1. Can you sort A:LEU131, B:LEU149 from fewest to most other Cβ atoms within 10 Å of each residue's own Cβ?
2. Could you put B:MET93, B:MET66, A:MET160 in order, starting from the residue whose Cβ has the fewest other Cβ atoms within 10 Å?
3. Report, in cubic angstrom per residue, the convex hull volume of the C-alpha atoms of the protein assembly as shown.
4. On a C-alpha basis, how far is the centre of the range B:201-224 from the centre of the range A:155-226 in Å? Whole number, if you could?
5. Between beta-carbons, use under 11 Å as the cut-off and find the net charge around A:ILE135, counting Lys and Arg +1, Asp and Glu -1.
6. Name the residue, out of A:LYS235, A:LYS43, A:LYS107, whose mean-square fluctuation peaks in a Gaussian network model built on chain A with Cα pairs under 10 Å.
7. Using a 10 angstrom cutoff on alpha carbons, build the Gaussian network for chain B and name the most mobile of B:GLN297, B:GLN407, B:GLN216.
8. Say the dipole of the protein assembly as shown comes from +1 at the beta carbon of Lys and Arg and -1 at that of Asp and Glu; which of B:TRP364, B:LEU268, B:PHE335 then lies farthest toward its positive end?
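Just so it is clear, none of the values below were taken in a lab; they were calculated from the coordinates. The structure displayed is predicted, hence computed values, not measured ones. Positions of Cβ are generated from backbone atoms using ideal geometry, with glycine treated the same way; all protein chains shown enter the neighbour counts.
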Amino acid sequence: MSTLLEVSGVSVSFDGFKAINNLSFQIADAELRAVIGPNGAGKTTFMDIITGKTRPDEGRVVYGDRGDSLLKMSESKIAQAGIGRKFQRPTVFEDQSVFDNLMMALKKTRGPLAVLFFKPTKDDNDKVADLAEQIGLSGALHRKSGELSHGQKQWLEIGMLLAQDPRLLLVDEPAAGMTPAEREHTTDILREAAKTRAVVVVEHDMEFVRRLNCKVTVLHEGSVLAEGSLDHVTKNQQVIEVYLGR
Amino acid sequence: MTDVSLPRREPFALRFPSVMVFVAILALFTVGVTILSEGFGIGVISTSFVKTLGKTLCLCLVALAMDLVWGYCGILSLGHMAFFGLGGYAIGMWLMYARTEIIVLESLAAAPLPPTPQEVSDGIASQIFGVVGASEFPPIWAFAHSLPLQLLAVVLVPGLLALVFGWLAFRSRVTGVYLSILTQAMTLALSLHLFQNDSGLRGNNGLSGLQNLPGQSDVSQDIVSLWFFWGSALALGLGYLLCAWIVSGKFGSVIRAIRDDEARVRFLGYPVEAFKLAIFTVTAVIAGIAGALYYPQAGIINPAELAPIASIYLAVWVAIGGRGRLYGAVIGAAFVSLVSTWFTGGQAPDINLGFYTISWVDWWTVLLGLSFVCVTLYAPKGIGGLVDILIDRKGPNRHGADLGPDQGALREQEADK
């Protein structure tokens, strides 16, 4: 397995506060990884750096087979290179139908001219229908996504992410606000997705992480505190202090 | 494959019935006005009113452009009337040059020697620029002798200005109210520049006599007014079809998504700036074409037409008509500008309160301002929202939440279910 993403020695501070402090992180192709950590550990900032929303003060972020630096790329270029992101709060385009949302996310040329003259082929329609089935929204294709329940919006966003067909998926608290049954389905989708691509899941909920059954990275105060299996990191004295000591 | 109903690719007209309804109404209106006109019909509608109607159609076209850039893409531009004015200046230069050339040639024909080209050129220049104390053509008039080149300028000048300005503004991620202020500053700067006598466009005198078509002096204004009326109707019809096509497909999806949540669109991989720039430039070109049809009917253009207030009015029309629906923009522009003509033309009866007489010429702007505030507060769907009542279309119940986090995002009351 080759390394897909390598973050090394990255630091970023906001008004003097070090949100990320000399952080290093690696993930390989087709790997599932959970990132945990207490509030303010820098989990969201970490994702912001990878997706180009925040520029680090120092460090390197290298991605892909050719080892391109993500630090020089715009958000849209990074997304086109195959990094997809799901936000903590479900963000779908609420004024548009589920179909339109998925069609927009479908992996296609993203330039204005190509989009202007775009006509969905039968293949595209089938892909959208398949995705809708996978996320349990087949019956709601023509409803405006603003009408969906919180859980359904989470699903739709996961569906949009899969439609983008990314090589690296960054998922921020996917199970927030879901029922136990929905959580189980989400775990299945993520594990399925991780068979063909790299998936990074940021999560608070230990039970959910346990079910993912993967390597865990613990963040604390902007750096990696521990890494390994869930059992391994939960036995780590420092991790126990960080989580329970305060 | 499960059995899910995907939208079938029905013909464009069937998927968007409002487009066909609009085109049909516009066609009927054009035929009706022609039949009632003095030029080709029974003479119920005066020529000056035909011109008013023709001008109104041009205003509807620029409102359409405004709706595309603001209602669909969320960019509250306060510069589109400047693009409109630039289109007017571009065509006005040719109209004025060509007509003055005919007059100069006629007066020189009596001379014993045939005039040299230099004499002709000097004659035209002193005729046109006498009012600003100049007698030579400024460089920007280099193409004024050629109709095709000036027609090209109608498209290129607003288009290029929008392209350069938009590129600078969008690239720096200027959004929301800051972008509005920036576009307004551009409009003001342009207007102030044109007010100067050495701007090369006759300062505050502007260009005049544009209603006279060069070489058509024996055709009466009754006929000419109808030519421009038809031209305006055709432009509006084609413009409407173009806009409807742009917003109907995935491009429409993407720009509406940019309006509601542009950061999210970036993470989907769409180059948001390129989309904004494209829509800003295309609408500037539409505005320029509308202006080029408007000013020959108005007869005169001066820098006051480009003042920022004109662009603010444009936003008011679109808001009163209903943002984010094409026919709303057309209804808003037509309704407000016609009512405005009625009130400011002195036809509205004054109201005598005994101690004070409300004269509508002065009080109309107050009324317009009040109705703008009322529409924004109590009927955000505008006049176009009446259509929703007619066809029983419901709004969503989102407990007051907007449809996206951005400033331009559709409000709950503006959306439909």
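1. Numbers: A:LEU131 22, B:LEU149 14.
In increasing order of surrounding Cβ atoms, one gets B:LEU149, A:LEU131.
2. On the way: B:MET93 22, B:MET66 31, A:MET160 27.
The fewest-first ordering by Cβ neighbours comes to B:MET93, A:MET160, B:MET66.
3. Numbers: hull volume 145.2 nm³, N = 663.
Spread over its residues, the Cα hull of the protein assembly as shown gives 219 Å³ apiece.
4. Here the two parts' Cα centres lie 69 Å apart.
5. Local net charge: -3.
6. A:LYS235
7. So, out of B:GLN297, B:GLN407, B:GLN216, the one fluctuating most is B:GLN216.
8. Toward the positive end, the furthest listed residue is B:LEU268.
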